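The values are calculated or read from the model by the stated rules, or taken from the named source; none is laboratory data. Here the structure is a predicted model, which is why all the values come from computation and not from measurement. Virtual Cβ from ideal backbone geometry, glycine too; neighbours counted across all protein chains shown.
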Amino acid sequence: MKRSAFLEHVAWTGAGIAYSLSAAGIFHGTAVAQTPPQAIDFVQISDSHIGFHQSANPDVSATLEAAVNAINALPQQPQFVIHTGDVTHLSKAGQFDTAKNILGKLRAPLFVLPGEHDFIGSDRKAFYEAFPADAQTGWRSWDGGGVHFIALVNVFDFENMGLLGNDQLAWLERDLRAHKVSTPIVVFAHVPLYALYPQWGWTTEDGAKAIALLRRFDCVTVLNGHIHQVVRYQEGSISFATANATAYPQPKPGAAPKPGPLALPHAALLQAIGYRNVEVQPDGRAGIAERTLG
Amino acid sequence: MLHIVLAATLNVVIRDFSYTPMALTVRAGDTVHFVNRDSEAHTVTVQGGKIDSGGLDTGDAWSYRFTRPGKYAYFCSLHPYMRGTIVVRP
């Protein structure tokens, strides 16, 4: 087994396996009852807005493709790539097709969360046809490399900004109950869970309830999209970080009368969009490296 | 004397993240023509109902004929702090 394949196996099974490399260069793996000491790394992309064609970025397909190519060219492929929503601009079938074609070129496994732009109209069929979810609910969790990953959906009822709803909160409580406080937790959702800037709808109405459930853990990382820029915030043991878009940036909170596409010269645009590498250490600390396209 | 009342078409313009006029009164049978003159995409989504424009890109327009009297509160499903109402009189 190649070393990289072996490490991937370790990371995904979460089985405690100690490894060593002998002087002769022969690789020995021994199953032991302990957490694997390796970090686990993944990539987050967000807010591709396929179908958008205004001056802030006349070719959003090209910039998503550039991000995909850059991720595929990484010397070590991430364990997975997660897209945290607003894949399309207007939920149109053709926009989902284009997005699916581009994202389908990723070498690493892909998870896609919906944003409110993916749920326009009375049903959510177009999104789930393009990116079927494992569970009917759309939210889910999984374990990898000793980390517990949770993908939440807070755009089902967007009339009141981001909202998780009681069913999802009850599920989250049950999901977290089985985990020790030392388990590293990584949470994904489209809209920021805390009140980042409620005046522009950059908040989840019942996000505080989710945050209360996460507070008992030693190390939690919450990664969101929606606001097309990196904003980091720490609350106790919980680190929050919103991501850049692959489409276009938005103004800093309160820096303009309204949110919306921020038109920049092309070179500056490429420095304001891209993807991020996240490496979660065995103790749960997440190193985030922002990678722009320019 | 014979009165003939023709159904009218009234306009609501979307600009700078708001509907103008924000409140509009029409008669049953009138059509409201919503046009998006903003740089952002928006929707006209009536609360608790099935009336929804879908995504309106910059320059897109959508018309709806209101036949049933009542108060229709609507919002933008992308920017839900954008609100408007249509009152339909018999």
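I'm checking my understanding of the structure. Among residues of region A:264-277 that are part of a loop (DSSP other than H, G, I, E, B) and out of contact with any helix residue (DSSP H, G or I) (no Cβ under 8 Å at 6 or more places or on another chain), which one is farthest from the other protein chains (Cβ to nearest Cβ)? Show your work before the answer.
We begin by selecting, within region A:264-277, every residue part of a loop (DSSP other than H, G, I, E, B); these are A:264-265, A:271-273.
Then drop every residue that is not out of contact with any helix residue (DSSP H, G or I) (no Cβ under 8 Å at 6 or more places or on another chain), which leaves A:264-265, A:271-272.
Details: A:264: 14, A:265: 17, A:271: 22, A:272: 17 Å.
It comes out as A:271.
Looking at region A:143-174, which of its residues are outside any loop (DSSP other than H, G, I, E, B) and under 21 Å from residue A:80 (Cα atoms)?
Taking region A:143-174 first, the residues outside any loop (DSSP other than H, G, I, E, B) are A:143-144, A:147-151, A:155, A:159, A:161-163, A:166-174.
A:143, A:144, A:147, A:148, A:149, A:150, A:151, listed by residue number.
What single numbered condition from (1) over 17 Å from residue A:260 (Cα atoms); (2) within 13 Å of chain A (Cβ to nearest Cβ); (3) in a strand (DSSP E or B) fails to hold for residue B:11?
Answer for residue B:11: the failing condition is (2).
Could you list all residues from region B:27-44 that are more than 8 Å from chain A (Cβ to nearest Cβ), β-branched (Val, Ile, Thr) and out of contact with any Lys or Arg (no Cβ under 7 Å at 6 or more places or on another chain)?
Matches in region B:27-44: B:32, B:35, B:44.
Quickly run through region B:53-72 and pick out the residues that are away from chain A (no Cβ under 14 Å) and either at pLDDT below 95 or in a loop (DSSP other than H, G, I, E, B) (or both).
Answer for region B:53-72, where residues must be away from chain A (no Cβ under 14 Å) and either at pLDDT below 95 or in a loop (DSSP other than H, G, I, E, B) (or both): B:66, B:67, B:68, B:69.
Working only within region A:206-216, note down all residues that are in contact with a strand residue (DSSP E or B) (Cβ under 9 Å, 6 or more places away or on another chain) and free of Cβ contacts under 8 Å to residues at least 40 places away in the same chain. First the steps, then the outcome.
Within region A:206-216, the first condition is being in contact with a strand residue (DSSP E or B) (Cβ under 9 Å, 6 or more places away or on another chain), and the residues that meet it are A:206-207, A:210-211, A:214-215.
Of everything in region A:206-216, those that are in contact with a strand residue (DSSP E or B) (Cβ under 9 Å, 6 or more places away or on another chain) and free of Cβ contacts under 8 Å to residues at least 40 places away in the same chain turn out to be A:211, A:214, A:215.
Would you mind stating whether residue B:84 is assigned to a loop (DSSP other than H, G, I, E, B) and either facing chain A (nearest Cβ under 10 Å) or under 23 Å from residue A:257 (Cβ atoms) (or both)?
Working: assigned to a loop (DSSP other than H, G, I, E, B): no; either facing chain A (nearest Cβ under 10 Å) or under 23 Å from residue A:257 (Cβ atoms) (or both): yes.
In short, no.
Quick test of your reading of the structure: residue A:226 fulfils all but one of (1) under 25 Å from residue A:81 (Cα atoms); (2) in contact (Cβ under 8 Å) with a residue 40 or more places away in the chain; (3) out of contact with any Phe, Trp or Tyr (no Cβ under 8 Å at 6 or more places or on another chain). Name the failing condition by number.
Just one mismatch for residue A:226, condition (3).
Looking at B:42, B:79, which one is out of contact with any Cys (no Cβ under 8 Å at 6 or more places or on another chain), touching a residue at least 24 places away in the same chain (Cβ under 8 Å) and not β-branched (Val, Ile, Thr)? Quick ask: steps written out before the conclusion?
Numbers: B:42 fails: out of contact with any Cys (no Cβ under 8 Å at 6 or more places or on another chain).
After ruling out the rest, the residue left standing is B:79.
Restricting attention to region A:170-196, which residues are surrounded by fewer than 17 Cβ atoms within 10 Å (Cβ to Cβ) and at pLDDT 95 or above? Working first, answer last.
Just the residues of region A:170-196 that are surrounded by fewer than 17 Cβ atoms within 10 Å (Cβ to Cβ), to begin with: A:170, A:173-175, A:177-182, A:195.
A:170, A:173, A:174, A:175, A:177, A:179, A:180, A:181, A:182, A:195 - these are the residues of region A:170-196 that are surrounded by fewer than 17 Cβ atoms within 10 Å (Cβ to Cβ) and at pLDDT 95 or above.
Could you grab me the full set of residues in region A:240-264 that are touching a Phe, Trp or Tyr at 6+ places or on another chain (Cβ under 8 Å) and farther than 25 Å from residue A:294 by Cα?
Passing the criteria: A:254, A:258.
From (1) part of a loop (DSSP other than H, G, I, E, B); (2) crowded, with 16+ Cβ neighbours inside 10 Å, pick out the condition that doesn't hold for residue A:255.
With (1) part of a loop (DSSP other than H, G, I, E, B); (2) crowded, with 16+ Cβ neighbours inside 10 Å applied to residue A:255, the lone miss is (2).
If you check every pair at least six apart or on different chains, which have Cβ atoms under 7 Å apart with a residue in region A:193-205 that is more than 17 Å from residue A:228 (Cβ to Cβ) and within 12 Å of chain B (Cβ to nearest Cβ) first and a residue that is surrounded by 18 or more Cβ atoms within 10 Å (Cβ to Cβ) and at pLDDT below 95 second?
Every condition considered, the pairs that remain are A:205/A:161; A:205/A:162; A:205/A:163.
For residues that are modelled with pLDDT of 90 or more, exposed (fewer than 14 other Cβ atoms within 10 Å of the Cβ), over 11 Å from residue B:65 (Cα atoms) and of a type in the set (Gly, Ala, Ser), tally how many sit in region B:1-52.
Residues that pass the stated criteria total 1.
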